[in-house]
1. Which condition breaks for Thr237 when tested against (1) surrounded by 15 or more Cβ atoms within 10 Å (Cβ to Cβ); (2) not in a helix (DSSP H, G or I)?
2. What residue, of Val96, Val92, Val117, is touching a residue at least 24 places away in the same chain (Cβ under 8 Å), under 21 Å from Glu26 (Cβ atoms) and not polar (S, T, N, Q)?
3. Residues being assigned to a loop (DSSP other than H, G, I, E, B), touching a strand residue (DSSP E or B) at 6+ places or on another chain (Cβ under 9 Å) and open to solvent by 10 Å² or more (accessible area, probe 1.4 Å): count how many of those fall in the range 79-97.
4. Return the only residue of Val100, Val104, Val119, Val114 being aliphatic (A, V, I, L, M), in a strand (DSSP E or B) and either over 20 Å from Asp20 (Cα atoms) or open to solvent by less than 50 Å² (accessible area, probe 1.4 Å) (or both).
5. Among the residues of the range 259-295, what is the count of those that are outside any helix (DSSP H, G or I) and either among the basic types (Lys, Arg) or open to solvent by 70 Å² or more (accessible area, probe 1.4 Å) (or both)?
6. Going by what's in this entry, would Val104 be described as at pLDDT 95 or above, touching a strand residue (DSSP E or B) at 6+ places or on another chain (Cβ under 9 Å) and within 21 Å of Asp186 (Cβ to Cβ)?
7. Mind listing whichever residues of the range 148-200 are assigned to a helix (DSSP H, G or I), touching a residue at least 60 places away in the same chain (Cβ under 8 Å) and either on the phi > 0 side of the Ramachandran plot or open to solvent by 10 Å² or more (accessible area, probe 1.4 Å) (or both)?
Amino acid sequence: MHTVERLIVIVLFEGVDLLDVTGPPEVFSLARRETEDAAGYHVVLAAETMAPTVTAAGVRILPDVTFDELANRSIDTLVVPGAVEVDGHRRVHALVEPAVVERVRQLAPRTRRVTSVCVGAHILAASGLLDGKRATTHWSTAQQLAADHPAIEVDSDPIFIREGNVWTGAGISACLDLSLALIAEDLGEAVALRVARQLVMYLKRPGGQSQFSVPLEQVAATRRIEVLRHYILRHITEPLTVAHLADHAHVSERQLTRIFKNELGTTPHAYIESVRVERARNQLEATDATLERIATACGFGTVDTLVRAFRRRLDTTPTDYRRRFRTSPG
């Protein structure tokens with residue numbers, strides 16, 4: 001059987017994030033293995049010259065081709081990784097090299113689909129490929145992307161977003177989810193799920209799933225809010241009203257709301273709901289507990305409240321979430 005070659009081009013440049021470059025090829029190679037090479041994926045690393053490229057991790061990577069050598073070739077998928085710098089205040093900023101932007105702009109018209117990994121979205125944005133589109137990037141640079149490119153609807157929550165033939169992915173391990181989604185589009189869900197199992201990912205996450213997890217949220221700057229967060233975790237089954245939390249913290253309700261807004265960028269009610277949803281997600285993934293028991297154990301009280309919270313937070317239902325992400329035997 002004749003296999004159609006799908007040329008995957010990954011853009012290389014100095015300071016690029018290593019996993020952004022190495023993650024997708026591993027996923028595509030497993031797709032070839034799972035289909036006995038019928039997938040037809042041919043991955044190449046492209047750079048300005050054939051000199052070794054030094055990544056942000058300090059690891060050197062050798063390009064396969066130069067950009068000029070791709071001048072007359074049709075590309076199936078262009079993968080644009082990113083690079084960042086961290087300032088003295090530990091703030092992360094996406095780096096955008098004009099020469100790389102120009103190369104992406106040249107390659108895009110000959111590409112079936114264009115994708116960005118992590119902060120690579122900033123390069124796509126600078127090339128004009130995201131104007132008028134909804135896009136995502138790593139949560140740490142989402143505000144920068146929105147400020148630099150007001151014509152883009154930036155959504156920092158999803159793992160990846162597809163707008164026509166342009167895909168943007170969150171960071172950093174989300175490059176695996178994005179690659180799996182591309183494989184699913186090309187070869188079907190069954191192949192993508194087999195690849196996910198080979199990666200020991202167990203389950204392929206849909207693009208709409210949040211890239212955030214409550215335990216990984218930013219660390220608060222004050223001890224008071226950290227104490228409150230731990231208190232919420234220990235008393236998650238209780239009502240946890242604003243009045244109750246304010247009394248525990250020895251502040252007024254108005255001051256408590258202001259503290260949460262300044263420290264965590266959210267309201268007490270929204271934060272508590274996010275913690276409850278996170279705990280419910282863990283139970284849905286790892287236990288056989290009924291929805292009634294999970295609703296009670298996570299402080300929702302009723303299944304209806306649990307369902308509404310899941311729809312708000314994850315755009316899915318608890319039942320569908322368990323079907324997709326369950327890791328314990330059924």
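The values are calculated or read from the model by the stated rules, or taken from the named source; none is laboratory data. Treat the numbers as computed from the prediction; the structure is a model and nothing was measured. Counting neighbours? That spans all protein chains shown, and the Cβs are built from the backbone with ideal geometry, glycine included. These accessible areas exclude ligands, DNA and RNA; they are computed on the full protein's heavy atoms, side chains included. Shrake-Rupley method; radii C 1.70, N 1.55, O 1.52, S 1.80 Å.
1. All conditions pass for Thr237, except number (1).
2. Numbers: Val96 fails: under 21 Å from Glu26 (Cβ atoms); Val92 fails: under 21 Å from Glu26 (Cβ atoms).
The conditions single out Val117.
3. If we filter the range 79-97 for residues that are assigned to a loop (DSSP other than H, G, I, E, B), which is where we start, we get 81-83, 87-91, 95-97.
Checking which are touching a strand residue (DSSP E or B) at 6+ places or on another chain (Cβ under 9 Å) leaves us with 81-83, 87, 95.
Within this subset, residues satisfying the condition of being open to solvent by 10 Å² or more (accessible area, probe 1.4 Å) are 87, 95.
Number of matching residues: 2.
4. Working: Val100 fails: in a strand (DSSP E or B); Val104 fails: in a strand (DSSP E or B); Val119 fails: in a strand (DSSP E or B).
Criteria check complete, one pass: Val114.
5. Step one: of the range 259-295, the residues outside any helix (DSSP H, G or I) are 265-267, 287-290.
The next check asks that each one be either among the basic types (Lys, Arg) or open to solvent by 70 Å² or more (accessible area, probe 1.4 Å) (or both); those that pass are 288, 290.
Selection size over the range 259-295: 2.
6. Numbers: at pLDDT 95 or above: yes; touching a strand residue (DSSP E or B) at 6+ places or on another chain (Cβ under 9 Å): yes; within 21 Å of Asp186 (Cβ to Cβ): no.
It is false that Val104 is at pLDDT 95 or above, touching a strand residue (DSSP E or B) at 6+ places or on another chain (Cβ under 9 Å) and within 21 Å of Asp186 (Cβ to Cβ).
7. Leu176, Asp186, Leu187, Val191, Arg194, Gln198
Every residue, every condition in (1) within 21 Å of the chain's Cα centre (by Cα); (2) buried (at least 21 other Cβ atoms within 10 Å of the Cβ), yes or no:
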site	(1), (2)
Leu7	no, no
Asp20	yes, yes
Glu34	no, no
Ala57	yes, no
Ile61	no, no
Asp64	no, no
Asn72	no, no
Thr77	yes, yes
